[in-house]
Amino acid sequence: MTDRTYGRLIDGAREPRALLTMALAGVLSRSGIVGLAPVELEHLCARHFPAVSRADASCLSRPEEGCLALRAGECDDLIGLLLDHAERKDEDTRWLAQAVATACLLDNHLWQDMGLPSRDVLSALLERYFGALYRKNARNMKWKKFFYRQLCERARVPLCKAPSCSACADFSACFGPE
């Protein structure tokens, strides 16, 4: 997908400046959203991108048909982590959790893979929808690393090479500038 697709989604959005709208459009235009059935995609588009035609919405990428499908279980774990810390239990929160989890499977920083303008914008979105999880990242670890660290802690899998982050040789990779 392209920036052109993102532009069409934003142009057809009900609230084009809303952080949720930007995040959904960013992930939809880059990769599609893992676990989003066609009927849910249609509902999401009707709610957030009402001026986008049905034909345009149906052309959005289906990650279940591509290489992201191989990591669907990983995506489910991430969605579960996010929803366990959700401020609300509604469709928007579920869709955002699916979008965040999908973007975690991509190659850049999370805010970039979500099509957001900065890490600060991503952090504000996470604070609003997943406040308890946001607050757990008190040391401001990079979001993808933080989420995977949370999953490892849940599974009781030791992840760190050192007894504390400050003593680890990879400190700058987890906490350095993006």
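The values are calculated or read from the model by the stated rules, or taken from the named source; none is laboratory data. Here the structure is a predicted model, which means the values were calculated and not measured. Cβ sites come from the backbone with ideal geometry, for glycine too, and all protein chains shown count toward neighbours.
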Residue check: is Leu24 surrounded by fewer than 19 Cβ atoms within 10 Å (Cβ to Cβ), at pLDDT 95 or above and either among the hydrophobic types (A, V, I, L, M, F, W, C) or at negative phi (or both)? no
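Residues checked against (1) at pLDDT 95 or above; (2) not in a helix (DSSP H, G or I):
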| site | (1), (2) |
| --- | --- |
| Asp107 | no, yes |
| Leu116 | yes, yes |
| Leu125 | yes, no |
| Arg139 | no, yes |
Does Pro163 count as farther than 20 Å from Gly80 by Cα and at pLDDT below 90? yes
Condition (residue is assigned to a helix (DSSP H, G or I) and at pLDDT 90 or above) applied to the stretch 56-75: is it met by at least one residue? no
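Which ones in the stretch 1-13 are surrounded by fewer than 18 Cβ atoms within 10 Å (Cβ to Cβ) and in contact with a helix residue (DSSP H, G or I) (Cβ under 6 Å, 6 or more places away or on another chain)?
Kept after step one, since they are surrounded by fewer than 18 Cβ atoms within 10 Å (Cβ to Cβ), are these residues of the stretch 1-13: 1-4, 7, 11.
Residue satisfying the conditions is Met1 alone.
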Residue by residue through the stretch 114-149, note down the ones that are within 19 Å of Ala18 (Cβ to Cβ) and surrounded by 16 or more Cβ atoms within 10 Å (Cβ to Cβ). Met114, Gly115, Leu116, Arg119, Leu122, Ser123, Leu125, Leu126, Tyr129, Phe130, Tyr134
Out of the residues in the stretch 87-103 that are without any contact (Cβ under 8 Å) to a residue 60 or more places away in the chain and surrounded by fewer than 22 Cβ atoms within 10 Å (Cβ to Cβ), which is nearest to His43 (Cα to Cα)? Glu91
